[in-house]
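Take a look at the structure below.
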Amino acid sequence: MIVKSADFVCSNTQISKLPPATKPEYAFIGRSNVGKSSLINMLTSKKGLAKTSQTPGKTQLINHFLINESWYIVDLPGYGYARISKSKKEEWNKYIRNYLEKRENLQCVFILIDSRLEPQKIDLEFCASLGERGIPFVITFTKADKQGKVKTDQNVAKFRKAMLAFFEEVPQHFITSAELQTGRDEILNFIDEVNQK
Ligand code: GDP
């Protein structure tokens, strides 16, 4: 797929104010600093579209970007901030779960995982929680340029193995680097295929 246009549509704190659910959308989520903004900018080839390195947990917004005037990329607030209060975490949970469960045009969630890390409990739990709710997702390993291919492949294999504790079949995954544009075509082709269905 060629990205001809990518435009910021709106930032929301309320589910009721999201754009009408008339176009397919794909949500991106992960721990803070996982490289979500960089990935969105890489996919759209627009450097400043999603803001990189914002202060974690400050504003919990759902950001919609319209691509080729026909589908949305949705930038969801990250999870796993060490420094936010318990009540803020619960607020996040309610708000995001509500979005993930109710948004009828949500086609697939891209769960971003830092490819440098061994499997993290919080990421595995998040995958499991989507699985339990029947929300379709794929895994996107980020920052693959930060170490050698062997290390990336080892971490990917460990993560997939850890997922087998929750899943009979492990969902599809992508290996990406925003720095090197790795995985861009694969992700856009995947979205294209889902859009055609
Ligand atoms: P977010 O908080 O998940 O939106 O993460 P950001 O996109 O702001 O990235 C966090 C940090 O990781 C920034 O300093 C980015 O430059 C860096 N980063 C993100 N993706 C990559 C990548 O693919 N390769 C490298 N080397 N650095 C990356």
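Could you please let me know if PRO77 is modelled with pLDDT under 90, touching a Phe, Trp or Tyr at 6+ places or on another chain (Cβ under 8 Å) and crowded, with 16+ Cβ neighbours inside 10 Å? So PRO77 fits the description; yes.
Can you name the residue in region 32-47 that is part of a loop (DSSP other than H, G, I, E, B) and within 12 Å of the ligand (Cβ to nearest atom) and is also surrounded by the fewest Cβ atoms within 10 Å (Cβ to Cβ) among such residues?
So, considering only residues that are part of a loop (DSSP other than H, G, I, E, B) and within 12 Å of the ligand (Cβ to nearest atom), the one surrounded by the fewest Cβ atoms within 10 Å (Cβ to Cβ) is LYS47.
Against the test of being crowded, with 21+ Cβ neighbours inside 10 Å, touching a helix residue (DSSP H, G or I) at 6+ places or on another chain (Cβ under 9 Å) and part of a helix (DSSP H, G or I), the options PHE110, PHE159 yield a single qualifying residue, PHE159. Of all residue pairs spaced 6 or more apart or on separate chains, those with beta-carbon atoms under 7 Å, a first member in region 10-31 that is part of a helix (DSSP H, G or I) and a second member that is among the aromatic types (Phe, Trp, Tyr) and surrounded by 16 or more Cβ atoms within 10 Å (Cβ to Cβ) are ILE15/TYR99. Is there a residue being among the hydroxyl-bearing types (Ser, Thr, Tyr), surrounded by 13 or more Cβ atoms within 10 Å (Cβ to Cβ) and part of a loop (DSSP other than H, G, I, E, B) anywhere in region 86-106? No: zero hits.
The values are calculated or read from the model by the stated rules, or taken from the named source; none is laboratory data. Since the structure is predicted, the reported quantities are computational estimates derived from the model, not experimental observations. Note that each Cβ is placed from the backbone with ideal geometry, even for glycine, and that neighbours are counted across all protein chains shown.
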